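Report on one structure; see the data block that follows.
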Amino acid sequence: MPVSSPTDLDRRIVAALMVDGRAPWTKIAGALGVPDRTVTRRGTALLESGAVGIHALADPHRTGRGDPFVVSLSCTPAVVWPTCASIARRGETVTTYVVSGRAQCLADMWCPETRQAQLFLHELGATPGVTEVEVAPVLRYIQTLTTWDPGILERTEVDALRVGDPITTWPVFGEPARLDREDKALLRGLVEDGRRTFEELGRLAGVSEQTTARRVETMRASGLVTLRAVVDPRVLGLPVAALLRLRIRPPVVETVAAALTASPHVRYAAMVMGEHQIVADVRLPTKDALRQLLTGAEWTEHVEAMESSLILDVLKQSEVLASSLR
């Protein structure tokens, strides 16, 4: 199914998968009031087209991956795309965008403390094509693909699909989790395909279906693992993508963060250290809607300075490489 021709039902199915990526087609059909056969056919087509994929992401701090950082890289103009592609392929990279502006590459990276000096002071700067590196440690994620609600479904539909309480704090800067061999195998299976059945996951890990179900649900309930619908926002009718860097007075940072969380146009946002206090990825239907957001949203009255860029290409998101890089 071409990404350029999604139907209203397609958008509603994608929005349902954003609420619970493992929801059976029958459950989605019941919540949306659509026949099971129709939802199964359209949902399967969406997954097979690559317009949406379900992938697990584990808390980087509690699983030993390290702490999160937002990294902005300036590149030699002639080699911006290949330079950004090399950053996207790194194991530390979770998300990579090619953007307009002075820094042409933005990456969300996770790195353990023992590797941070080597990565940020040596390896990234030595990457061919990189001319400048700016590192902003993440204090907390305000919005991620796990919590993004583009406002397509009614609240009653969302409530019918949601499993457990939404994860509002991620990552958790607490004690590392103890994962045995089976847990790690289950996690790898969910990272590859978050809709794998408990039976399939159990075979991968060498444990029973019942044990698999219990362990997976425990990891999800604790926030150790989140399931993300990695979606091309054009499917949702949101083709305009922009990156915002906001400078905000400390007393009102949380006020702005709360407003961004409530906005259906904010796909990702992080509270960071450095020159700017918040970095946000916004998706909108038109450039005019973007103009109205940047000049008319209530939260802008608290912003002392804003740097905005268009997102020109997405090379990686939630550890999933774009098809052009696979």
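The values are calculated or read from the model by the stated rules, or taken from the named source; none is laboratory data. Model, not experiment: these values are computed from the prediction. Cβ placement follows ideal geometry from the backbone for every residue including glycine, while neighbour counts extend to all protein chains displayed.
Cβ-Cβ contacts under 8 Å between residues 6 or more apart (or on different chains), taken from a first residue in the range 196-224 that is free of Cβ contacts under 8 Å to residues at least 40 places away in the same chain and of a type outside the set (Phe, Trp, Tyr) to a second residue that is surrounded by fewer than 15 Cβ atoms within 10 Å (Cβ to Cβ) and part of a loop (DSSP other than H, G, I, E, B), are listed as GLY202/SER208.
Among the residues of the range 276-305, those that are of a type outside the set (D, E, K, R), in a strand (DSSP E or B) and surrounded by 14 or more Cβ atoms within 10 Å (Cβ to Cβ) comprise ILE278, VAL279, ALA280, VAL282, LEU284, VAL303. Select from the range 315-326 the residues that are assigned to a strand (DSSP E or B) and in contact with a strand residue (DSSP E or B) (Cβ under 6 Å, 6 or more places away or on another chain) and write down the one among them that is surrounded by the fewest Cβ atoms within 10 Å (Cβ to Cβ). Here the answer is VAL320.
Taking the criterion of being at pLDDT 95 or above and either in a helix (DSSP H, G or I) or within 15 Å of the chain's Cα centre (by Cα) (or both), the only residue of the range 217-241 that qualifies is ALA241. Restricting attention to the range 22-44, which residues are closer than 22 Å to GLU217 by Cα and basic (Lys, Arg)? Matches in the range 22-44: ARG22, LYS27. Might you let me know whether the range 162-184 holds any residue that is among the hydroxyl-bearing types (Ser, Thr, Tyr), modelled with pLDDT under 95, under 17 Å from the mean Cα position of the chain (by Cα) and buried (at least 18 other Cβ atoms within 10 Å of the Cβ)? Taking every residue of the range 162-184 in turn, none turns out to be among the hydroxyl-bearing types (Ser, Thr, Tyr), modelled with pLDDT under 95, under 17 Å from the mean Cα position of the chain (by Cα) and buried (at least 18 other Cβ atoms within 10 Å of the Cβ).
Quick check on THR255: is it in contact with a strand residue (DSSP E or B) (Cβ under 9 Å, 6 or more places away or on another chain) and within 17 Å of LEU145 (Cβ to Cβ)? The answer is no for THR255. The selection criterion, being in a strand (DSSP E or B), surrounded by 15 or more Cβ atoms within 10 Å (Cβ to Cβ) and either touching a residue at least 12 places away in the same chain (Cβ under 8 Å) or not assigned by TED's automatic domain parsing to the domain that holds GLY206 (or both), holds for ALA136.
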